Amino acid sequence: MKIGYPCVNEAMDCSAANTFRLASYSDERLVAAVAANLACLRRLLEWNVAQGLLFFRMGSGIVPFGSHPVNTFPWQTRFGSEFRALGQYIKAHGLRVSFHPDQFVVLNSPDAHIVRRSVEELVYQGSMLDLMELDGTAKLQIHVGGLYGDRELALSRFAAVYATLPAAVRARVVVENDDRLFSLRDCLALHQQTGVPILFDNFHHECLNHGEPMADALRLAAATWHPTADGVPMMDYSSQAPAERKGKHTVSLAEELFRGFLAELHGLDFDLMLEIKDKEASALRALAILRETGLAGPAPTGPVPPLALPPAPGAPPKGKRQKNSHAA
DNA sequence: ATAAGTCAAGCCGGG
DNA sequence: CCCGGCTTGACTTAT
């Protein structure tokens, strides 16, 4: 079981989400942003390895406008060696990575243009994993999409588009149950039709279900993953923020709920993505709990770097990204 | 230097 | 009928 957190490390003094406005697009800005994002991603992964956090969701914006027609720059070749080196690091340290393409990716839209753009976005994100030379266990996590007033039709449109995806993309796509439209039951039906693995979100399931107990839901979702082609089932873990709107993620890990959740696993293996506001801080607490209960390997033995790594040698020339700097 | 407004993209449901 | 929410805030311009 690996523990991860999404996209952002709040203790890190760099961002892997450097971008710019479409209106100010230029190849120069693109190259600068990608270079900065890949360098930061490398440091972020190193920090994760040192802490024993072996699962990570990368942000979708590593290559700004990565699937937009404005971006005709051959970033795949320009940054090929950087992607490959990242992939080698990931494989060498047993890391698991994924992407979660955003809400604009809607494979079951009745609008062919939206579907085409969605596929292009999946191709972009999947190609980053390909450039890293990662196998099919590195996933692209999406939702079913819209309801459009007809659940069955919406599901069958997803299935039809899924069948036409480029093989390299289809090997990576997994579908997550959501909290309002498509429940675990809907997703399992979709799995029956298509074979797509279902990424279980426990909190969404709490918001939208058909009475399946958590332990059953976990087993059903896990069974949709092929042990070798897809790897250990991934899932998103969160819990309700107390005294907040229903469906809002908690700000930090609720440890007793988390312990209760682990008990529901009954030995099932998952890689857990903690969708919790305070990111790596809660991921570290979850990892500590896992180690107590013997569900995760021991803490790394090597020297553990400080929370904020020192800047790389010869580093940030322009005072960008200096979160707490008073230098002026 | 800091704050406000805006940013490529879709969809649903609450107010 | 507009706006917040969604896996994640960052860029740009005004003050």
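The values are calculated or read from the model by the stated rules, or taken from the named source; none is laboratory data. All figures in this text were calculated on a predicted structure; none of them were measured in a lab. As a convention, Cβ positions derive from the backbone with ideal geometry for all residues, glycine included, and neighbour counts pool all protein chains shown. For accessibility, only protein heavy atoms count, side chains too; no ligands or nucleic acids. Shrake-Rupley method; radii C 1.70, N 1.55, O 1.52, S 1.80 Å.
Considering only the stretch A:203-214, state which residues are within 16 Å of DNA strand B (Cβ to nearest atom) and either assigned to a strand (DSSP E or B) or of a type in the set (A, V, I, L, M, F, W, C) (or both). Of everything in the stretch A:203-214, those that are within 16 Å of DNA strand B (Cβ to nearest atom) and either assigned to a strand (DSSP E or B) or of a type in the set (A, V, I, L, M, F, W, C) (or both) turn out to be A:207, A:208.
Out of contact with any Pro (no Cβ under 7 Å at 6 or more places or on another chain), farther than 23 Å from residue A:20 by Cβ and away from DNA strand B (no atom under 16 Å from the Cβ): does that describe residue A:53?
Answer is yes for this residue.
Of all residues in the stretch A:20-58, those that are part of a loop (DSSP other than H, G, I, E, B) and crowded, with 17+ Cβ neighbours inside 10 Å total 3.
Taking the criterion of being more than 11 Å from DNA strand C (Cβ to nearest atom), more than 27 Å from residue A:285 (Cα to Cα) and not charged (D, E, K, R), would at least one residue in the stretch A:16-32 satisfy it? Yes, the stretch A:16-32 contains at least one residue that is more than 11 Å from DNA strand C (Cβ to nearest atom), more than 27 Å from residue A:285 (Cα to Cα) and not charged (D, E, K, R).
Criterion applied to A:266, A:226 was being of a type outside the set (Lys, Arg) and either within 24 Å of residue A:144 (Cβ to Cβ) or within 16 Å of DNA strand B (Cβ to nearest atom) (or both), and the one residue passing it is A:226.
The combined condition, being assigned to a strand (DSSP E or B) and open to solvent by less than 40 Å² (accessible area, probe 1.4 Å), is fulfilled by residue A:200. Considering the conditions (1) under 30 Å from residue A:180 (Cβ atoms); (2) free of Cβ contacts under 8 Å to residues at least 12 places away in the same chain, residue A:101 is excluded by exactly one of them, (2).
Does the stretch A:280-306 hold any residues that are at pLDDT below 90 and exposed (fewer than 15 other Cβ atoms within 10 Å of the Cβ), and which are they? Passing the criteria: A:293, A:294, A:297, A:298, A:299, A:300, A:301, A:302, A:303, A:304, A:305, A:306. Screening A:217, A:189, A:221 for residues that are at pLDDT 95 or above, more than 22 Å from the chain's Cα centre (by Cα), part of a helix (DSSP H, G or I) and aliphatic (A, V, I, L, M) leaves exactly one candidate, A:189. The residue that is nearest to DNA strand C (Cβ to nearest atom), counting only those in the stretch A:93-108 that are open to solvent by 10 Å² or more (accessible area, probe 1.4 Å) and over 17 Å from residue A:199 (Cα atoms), is A:104. Going through (1) open to solvent by 60 Å² or more (accessible area, probe 1.4 Å); (2) within 16 Å of DNA strand C (Cβ to nearest atom) one by one, residue A:238 falls short only on (1). For the structure I just gave you, tell me whether residue A:75 is among the aromatic types (Phe, Trp, Tyr) and surrounded by 22 or more Cβ atoms within 10 Å (Cβ to Cβ). Here the answer is yes, as residue A:75 does meet what is asked.
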